[in-house]
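Following: one structure in structure tokens, then a few remarks.
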Amino acid sequence: MLRCREITKLVSESMERPLPWYRRLEVRVHLMMCGLCRGFAKHAKLLRNALRRHPERFEMSEDERARLSSEARQQIVATLRKLQS
């Protein structure tokens, strides 16, 4: 059985591309048993739908992107990579 960390990755991936049938089944079974992952999936879908309906609200201007130093950007990328592993 897959762990919560693996399930959350699969939930995220499933929003970008179709998963193989056996992975979809693993995710569905896990979500039936795990309320925390169910909550994650629900919120991820909510965010995805909000971004699709109102993309202009979530876009950053060039000025806003320029405010981050390259060091800050590198730290953000490193943290995201660490969270994904």
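Readers should treat all values here as calculations from the given coordinates under stated rules, not as data from a laboratory. Predicted, not measured: the structure shown is a model, and the values here were computed from it. Cβ sites come from the backbone with ideal geometry, for glycine too, and all protein chains shown count toward neighbours.
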Over the chain, the sum of -39500 (n - 2.57) across DSSP H runs of at least four, divided by residue number and rounded to 500 deg cm²/dmol, gives at 222 nm -23500 deg cm²/dmol
Taking a ≥ b ≥ c as the square roots of the Cα gyration tensor eigenvalues, with a/c under 1.5 meaning rounded and otherwise prolate when a/b beats b/c or oblate if not, the chain comes out prolate
Among segment 39-59, those whose backbone N falls under 14 Å of a label point 7 Å along Cα→Cβ from L68 are 59
Taking 17-24, 39-46 and ranking on average Cβ neighbours within 10 Å, highest first, one gets 39-46, 17-24
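Work out, step by step, the length gained on full extension between H43 and R81: first 0.36 nm times the residue separation, then minus their alpha carbon distance; give nm to one decimal.
Full extension of this stretch gives 11.6 nm more.
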In the chain the cysteines whose Cβ sits 4.7 Å or more from every other Cys Cβ are C4
Of the candidates H30, Q75, T8, the farthest towards the positive dipole end of the chain (Lys/Arg Cβ +1, Asp/Glu Cβ -1, centred on the Cα centre) is H30
By the C-alpha gyration tensor axes a ≥ b ≥ c (rounded if a/c is under 1.5, else prolate when a/b exceeds b/c, else oblate), the shape of segment 1-50 is oblate
